[in-house]
1. Just how many pairs of Lys in the stretch 1-126 have C-alpha atoms closer than 28 Å, counting pairs that are eight or more places apart or on different chains?
2. Enumerate the calculated ³J(HN,Hα) couplings along the stretch 90-101 in order (Karplus 6.51 cos²θ - 1.76 cosθ + 1.60, θ = phi - 60°), each rounded to whole Hz, writing x wherever the residue is Gly or Pro.
3. Can you list the chymotrypsin sites (Phe, Trp or Tyr not before Pro) in the stretch 2-92 that are in a DSSP coil and have 15 or fewer other beta carbons within 10 angstrom?
4. Looking at the stretch 10-78 from every direction and averaging, what is the projected area of its Cα convex hull in nm²?
5. With a cut-off of at most 16 other beta carbons within 10 Å, and DSSP calling the residue loop, which GluC sites (Glu not before Pro) in the stretch 1-90 qualify? Please list them.
Amino acid sequence: MAEGEEDLPRDANIVKSLLKSMGVEEHEPRVVHQFLELWYRYVVDVLTDAQVYSEHASKDIIEPDDIKLAIQSKGSFSFSQPPPREVLLELARNRNKIPLPKNAGAPGIPLPPEHDTLITPNYQLVIPAKQTTQALEEIEDDSTVPSSSQEPNVDLRQNTPEKVSFSLGAKRTK
C-alpha cells in the first residue's frame, strides 16, 4: 500500500482503485469523499425502496427480489434512453410536411401583435367602491363652492369598482 492508504477506510480504498482502473492518475482528495457520499445515498435509496416493496408484500424481511426490483425501478427512473433514430426521423418527416407560413410581405422583421408586447398595459388597479365614496365625501366636505350638479358623483358611487390601467413602456411627455 502507498503511504496514507492504510489510514483510509476500506470503501475509500475501493473508490481509489476504481479510479485508477479507469485511468485516473491524479485527482483531488475530496473526489473520493464525494464518490462515497454518492454511493451511500444510492444504497440507502435502494434499500429504502426495497423495504417499501417488502412491506407492501407483507413480508417480514427484505428479500433479494425486493432489492432487484428497487434497483430496476431506480435505473429506469434515473436513466432514460432517447427514442430510436427511426422514430425521430419519422417525427421530423411528419413535421417537415407542414409548410412554413407565408411571409406577410412587409419589409423588416415581423413584430408580434400589440397585445403581446411589453409596452401594453399589463396590470389593472381596482379601486373598491367604498374608497371612492369616502374620497368623494371628503372632497365634498372640503369644497366651499356649492355643488349644483350631483350626477357625476352619483355615477362614481355605484357598486362597480373603478379600473385604472398603466402602460409600463410608454414615453413620458414633459
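Just so you know, all these numbers are worked out from the coordinates, no wet-lab data involved. Here the structure is a predicted model, which means the values were calculated and not measured. We place every Cβ from the backbone using ideal geometry, glycine too, and count neighbours over all the protein chains shown.
1. Taking the stretch 1-126 as the scope, the lysine pair count is 5.
2. 5, 4, 5, 4, 5, 5, 6, 5, 7, x, 6, x
3. Qualifying residues, ordered by number: 79.
4. That works out to 5.8 nm², a quarter of the Cα hull's surface.
5. For GluC sites (Glu not before Pro) across the stretch 1-90 that sit outside H, G, I, E and B with at most 16 neighbouring Cβ atoms in 10 Å, the list reads 3, 5, 6, 25, 26.
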